[in-house]
Each structure stands twice: as structure tokens, then as C-alpha cells.
Amino acid sequence: MKSLAQTLDALLKEIINISYSNDEHPEMLLPKIYENMRTSKDSNLKIFLVGWITFLSSIPEIDILNELPNFLHHLFSMLYDNNR
């Protein structure tokens with residue numbers, strides 16, 4: 001099951017990368033990622049979400065520094081959570 005999830009993750013990232021070149025805006029995913037970082041109790045999902053932030057930051061056209069305060073807020077909240 002884990003390999004299936006990793007394959008799906010890779011495919012989604014490829015789709016997002018292609019979509020960005022077609023004037024889509026993958027940074028619009030960030031609010032949903034932040035919401036899941038805040039509400040999820042699953043540590044594997046939290047790691048997965050941080051991976052998505054890392055992926056989005058690898059797209060040169062996305063200025064992830066503008067999102068840094070939001071990301072750090074949710075990251076620190078997630079790390080503080082006792083349900084890691």
C-alpha cells in the first residue's frame with residue numbers, strides 16, 4: 001500500500017508540474033495543505049504534507065518565501081502537537 005501511495009504522490013506532483021506550465025496555479029493547494037497540517041492526527045500524513053511544501057518550493061516560479069510565515073506557523077503547531 002505504501003508503494004502505491006508513493007506512486008500516486010509522484011504522479012500528482014508530475015501533473016502539478018505540467019499544470020503549472022499551462023498557467024495553472026499549484027500554490028492554490030497551500031491553504032488545503034495548511035488545513036490538513038493543522039487538523040491531521042496521522043504523523044505519516046503530516047510528513048507527506050511537508051513533502052508537498054518541499055515540492056512546491058522546488059518550482060522556481062512559485063515564491064515560497066511569501067508563504068514562509070504561514071508554513072512555519074503550521075509546521076510549529078504540528079510539531080507541538082502531542083499526536084505526532
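See the values below:
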item: Residue satisfying all of: in the stretch 30-79; surrounded by fewer than 15 Cβ atoms within 10 Å (Cβ to Cβ) and among the aliphatic types (A, V, I, L, M); modelled with the lowest pLDDT among these; result: 79
item: Boolean, residue 48 is in a helix (DSSP H, G or I), under 13 Å from the mean Cα position of the chain (by Cα) and aromatic (Phe, Trp, Tyr); result: yes
item: Count - residues of the stretch 36-45 that are within 24 Å of residue 2 (Cβ to Cβ) and in a helix (DSSP H, G or I); result: 6
item: Which numbered condition residue 17 fails, given (1) under 26 Å from residue 81 (Cβ atoms); (2) within 14 Å of the chain's Cα centre (by Cα); result: (1)
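The values are calculated or read from the model by the stated rules, or taken from the named source; none is laboratory data. Treat the numbers as computed from the prediction; the structure is a model and nothing was measured. Note that each Cβ is placed from the backbone with ideal geometry, even for glycine, and that neighbours are counted across all protein chains shown.
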